[in-house]
Amino acid sequence: MAGAAGMSSMTVFATIQHLFSTIPSWWTIAITAARFVSVTGYLFYDSLMYLVLRSTCQVLVWYVRAQRKAFHECGPAAAGETALATLRWEQPTSFKIDSVRQNMLKIREIKSFINVIWNPALSLSSALLLWIQCITFYAPLRNSVMRLDVCLSILYAWYVSISFLELAFISQTLSDEAQKLRESIRATMTVNATGDYLREVQHFHDTIDPEGLCINGAGFFRLSKPLIVTLLPGQGCSPGQRAVGRRKQVMRLQQLCSAVALVLGNIHCAHSRIHMDPDASRNVSELITSKGYPVEEHEVRTEDGYLLRIQRIPHGRLNDAEPTVYATGEKTPVLLMHGTAMSSTDFVLNFPHQSLGFLLADAGYDVWLGNFRGNVYTSHILYTRNNPAFWNFSNASIQIRNNIRKW
């Protein structure tokens, strides 16, 4: 009895799982609708993020080009221009240079503001993309088939990858335009210029950060053309420090790929070593026969229309035990009734030397396993499980008398 009680949690889990599978149809429709709305809403939010970021970055690219053109109109933008052009150049006033610099600062602020707004969505899309790739690679190993949800995940992964690729090229274009403007300013500084103008141009040159205009996600990765998704090295570092930062980012990327490969490998190896217990998918009659015992299944009809299936173990596995003689000269019958939210499976779920039903059968008893209305082995002649009238009973309606009459 203790062994059967120890395994009752498995029966409770199976009963709960069965109850979830028999919830009312309108609940199922509501859950399906809520899931559809949530998935559709996220896809809309995700698509809106790409649309806003793409459009904003394109506009910022045009703004940076306009500022570079405005700076070119102030004077020669490259050291390779002819001396005649240099002689004809009228040195721009400081406030014109400062105006272009202020516009570039505003462009950087707009980019930072937009990036902060969409940082969570961009980071979530990156995490989902990595997670979907893990599922996509692992699902064929586990199921050996491509299910519909896996195919949809692959389509979503392609969509996100293409969107990331497009954002990376636009982000890189924005950075390239800022770099061209910085080179133009550096070329202008080679012209003989002194005083306030030179200090203003030098200050303008130092305030431009082309890499800072790239789209990044939560300060962890940057979208750019060379690596599409790269880990951020330190900002404002010397060339030597930047080289070290690049080596570190490559090492981090290698560590990330190694970790993903290790996790997938462990999951696959663990799954290949795990074998599902065949008893997990067997009903009570199959459990009894799998242990070598005979079984009979009978149906009891109650006065209020419930159909209760009861199982009988007429004798032990070897049928060599001395029978326990009843008053009628037959074996002594024993009726085992389970507890709340359980079933007759509880008495045959363990090994034969641990299950009460098998122990009694081997001891020479005629074992009957009853089932209370409401579990997986019961039904009704009129109502389905989705009908509230099916559950209109109490613990007082255990119907032991009807089970005894079946003898």
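The set of residues in segment 102-123 being buried (at least 16 other Cβ atoms within 10 Å of the Cβ) and farther than 18 Å from Gly212 by Cβ consists of Ala121, Ser123.
Report yes if Pro226 is buried (at least 17 other Cβ atoms within 10 Å of the Cβ), in a loop (DSSP other than H, G, I, E, B), modelled with pLDDT under 75 and out of contact with any Phe, Trp or Tyr (no Cβ under 6 Å at 6 or more places or on another chain), otherwise no. No.
The values are calculated or read from the model by the stated rules, or taken from the named source; none is laboratory data. This one's a predicted model, so the numbers in the text were calculated from it and none came from an experiment. All Cβ positions, glycine included, derive from the backbone under ideal geometry; neighbour counts span all protein chains shown.
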